[in-house]
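Report on the structure given below.
The values are calculated or read from the model by the stated rules, or taken from the named source; none is laboratory data. Since we're looking at a predicted model, the values are computed, not measured. Here Cβ is always computed from backbone atoms with ideal geometry, including for glycine, and neighbour counts include all displayed protein chains. These area figures cover heavy atoms from the full protein model, side chains too; ligands, DNA and RNA do not enter into them. Shrake-Rupley method; radii C 1.70, N 1.55, O 1.52, S 1.80 Å.
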Amino acid sequence: MAVNESLDHDEAPVLEALERYHDVDELAFTPPGHKQARGADPRVRKVLGDAVFLGDLLANGGLDDRLNRGNVLARAQRLMADAVHAEHTFFSTCGSSLSVKAAMLTVTAPHRRLLVGRDAHKSVIAGLILSGVEPVWVSPAWDPDRHLAHPPTADSFEEAFAAHPDADGALVTSPTPYGSAADLHGIADVCHRRGKPLIVDEAWGAHLPFHDELPAWAMDAGADICVTSVHKMGSGLEQGSVFHLQGDLIDPAVLASRADLLGTTSPSVLLYAGLDGWRRQMVKDGKRLLDDALHLAARTRAAIERVDGLHVDGAADYCGPGRAADFDPLPVVIDLSGLGTTGYRAGDWLRAHHHVDMHLFDHRRISAQLTHADDASTVGRLLDALRDLATHAEELKDVPGVTVPDPAGLRMTQAALPRDAYFASYEDVPVEDAAGRVAAEMITPYPPGIPVVLPGERLTEPVLTYLRSGVRAGMNLPDAADSGLRTVRVTA
């Protein structure tokens, strides 16, 4: 991909400043209190190594001087923006969970409306709760046969704007954790014909700008703000996130202010360094690395498909009218219907017997997320584990089933704003008595972290039955007040 030749992408400003810090033997009488590992417990140093502590210093008054006169972070962000065709880039060390909230609060404001795909991550719902914004839900493209949500279509956003022309903008998630991607060009056009900005939660798309055989990258597709988790599909450290901006619909100073409002005053230089180094790696070698990853994914998918009882979801399963617009093959989603077990049971078995950790688990699928870091040895171990799983299928069938409603049965009425319901007086009622009550909490199967129940939604029996059966089968509900779902928190 083309980059600005006036910028030197061999540079890594954060890493180079960190190297200078050590070369001059800077002595800090500042936080962090471990003082370059000297004060850390030797038992901790033995496990973590000193490199973690040596990279952990103040951003201001450490990596750069107190007035940031070296422009270390600004230069790193400018290089990142150039690498992905954005006009502005902001680094975040609080994950995309913070970045997407900052984006939402830039586009809209309390007591106003925002179009939001109902397949949004729980961090988006948290943004609605914190802001008091009224969501206008845009229904995903549901696959009733696979019980799987794909991103909403451009036509769905068109209809939502027609019904709510006062909405300040739109937010769509693409790609999904399953690898299905939205028609971002079409959705951006719907927004821009009305002078409204588009936010793309592209947490799973850090790699997309660096290979033309992958789905459209949000900035190239015309989005105004894009949020990306570099730690998910890139080489960043956990919580390393960036958000990008282009166009004239959003003031970059306002976006920076919103990020400052929500972010930490003690950002991690380690995370900055990971983001900076990943950008250099991808600009210099990303095409080759992703070529290798895509070829490896194709071979892996074909090998899994040959295992009795396993089917690998592909573009033919996900794309087409009423489904996704495009498909990322690196999340290798495996349908276990032929084995007669659930993803929860299969994932637990793979970890217990092969020490292989899968990414997603649902009532019929598991997912192996491949990146440029994988090779023949890692996928070989995965394939061995999956073949062994298939030979033990009879042992895995004795598992409770999950009662998944049809798409209409999963939708509930938004009876109150998420913020109002979340902060309302509440009571915990037996799940058998919860239908008809208004939820005062999020209830989110995790992973992937897409809430089934939102604060303010009026609970229905099909949804409660689905969640109860899911818990019996092994579904994880970490944010519910009662993760066993014996009770549900509702407004009083």
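Which members of the stretch 229-252 meet the condition of being within 19 Å of residue 101 (Cβ to Cβ), of a type in the set (A, V, I, L, M) and open to solvent by 50 Å² or more (accessible area, probe 1.4 Å)?
Of everything in the stretch 229-252, just one residue is within 19 Å of residue 101 (Cβ to Cβ), of a type in the set (A, V, I, L, M) and open to solvent by 50 Å² or more (accessible area, probe 1.4 Å), namely 249.
Which fully enclosed helices (runs of 4 or more DSSP H) of the stretch 116-213 have 3 or more residues being within 29 Å of residue 338 (Cα to Cα)?
Result: empty, no element qualifies.
For the stretch 74-93, check the following and say yes or no: at least one residue is free of Cβ contacts under 8 Å to residues at least 60 places away in the same chain, open to solvent by 10 Å² or more (accessible area, probe 1.4 Å), within 20 Å of residue 253 (Cβ to Cβ) and not polar (S, T, N, Q).
yes
If residue 222 meets every condition in (1) touching a helix residue (DSSP H, G or I) at 6+ places or on another chain (Cβ under 7 Å); (2) modelled with pLDDT under 95; (3) open to solvent by 10 Å² or more (accessible area, probe 1.4 Å); (4) of a type outside the set (Lys, Arg) apart from one, which number is that one?
If we test residue 222 against (1) touching a helix residue (DSSP H, G or I) at 6+ places or on another chain (Cβ under 7 Å); (2) modelled with pLDDT under 95; (3) open to solvent by 10 Å² or more (accessible area, probe 1.4 Å); (4) of a type outside the set (Lys, Arg), just (2) comes out false.
In this structure, does residue 357 turn out to be outside any strand (DSSP E or B), within 24 Å of residue 176 (Cα to Cα) and without any contact (Cβ under 8 Å) to a residue 24 or more places away in the chain?
Yes.
Looking at 388, 420, which one is part of a helix (DSSP H, G or I) and either open to solvent by 50 Å² or more (accessible area, probe 1.4 Å) or under 20 Å from residue 452 (Cβ atoms) (or both)?
Criteria check complete, one pass: 420.
Do you know which of the residues in the stretch 107-129 that are hydrophobic (A, V, I, L, M, F, W, C) and over 19 Å from the mean Cα position of the chain (by Cα) is surrounded by the fewest Cβ atoms within 10 Å (Cβ to Cβ)?
Once the filter is applied, the top-ranked residue is 109.
Would you pick out the residues in the stretch 441-483 that are open to solvent by less than 30 Å² (accessible area, probe 1.4 Å), within 17 Å of the chain's Cα centre (by Cα) and among the β-branched types (Val, Ile, Thr)?
Scanning the stretch 441-483 gives 444, 452.
Please determine, by comparing only the residues of the stretch 214-247 that are part of a helix (DSSP H, G or I) and among the aliphatic types (A, V, I, L, M), which one is farthest from residue 81 (Cα to Cα).
Restricting to residues being part of a helix (DSSP H, G or I) and among the aliphatic types (A, V, I, L, M), the top hit is 233.
Taking the stretch 396-414, which residues are open to solvent by 20 Å² or more (accessible area, probe 1.4 Å) and either aliphatic (A, V, I, L, M) or free of Cβ contacts under 8 Å to residues at least 24 places away in the same chain (or both)?
398, 399, 402, 404, 408, 410
Can you tell me which of 261, 275, 294, 255 is under 23 Å from residue 230 (Cα atoms), in contact (Cβ under 8 Å) with a residue 60 or more places away in the chain and loosely packed, with under 15 Cβ neighbours inside 10 Å?
261
Go through the stretch 312-371 and report how many residues are touching a His at 6+ places or on another chain (Cβ under 6 Å), open to solvent by less than 20 Å² (accessible area, probe 1.4 Å) and within 22 Å of residue 302 (Cβ to Cβ).
Count: 3.
Filter the stretch 388-443 for residues that are of a type in the set (A, V, I, L, M, F, W, C) and more than 21 Å from residue 485 (Cα to Cα) and give the result.
Scanning the stretch 388-443 gives 389, 390, 393, 396, 408, 415, 416, 417.
Of all residues being charged (D, E, K, R) and without any contact (Cβ under 8 Å) to a residue 40 or more places away in the chain in the stretch 302-325, which is farthest from residue 183 (Cα to Cα)? Just the residue, please.
306
Which one is farthest from the chain's Cα centre (by Cα) among residues in the stretch 36-49 that are charged (D, E, K, R) and open to solvent by 60 Å² or more (accessible area, probe 1.4 Å)?
38
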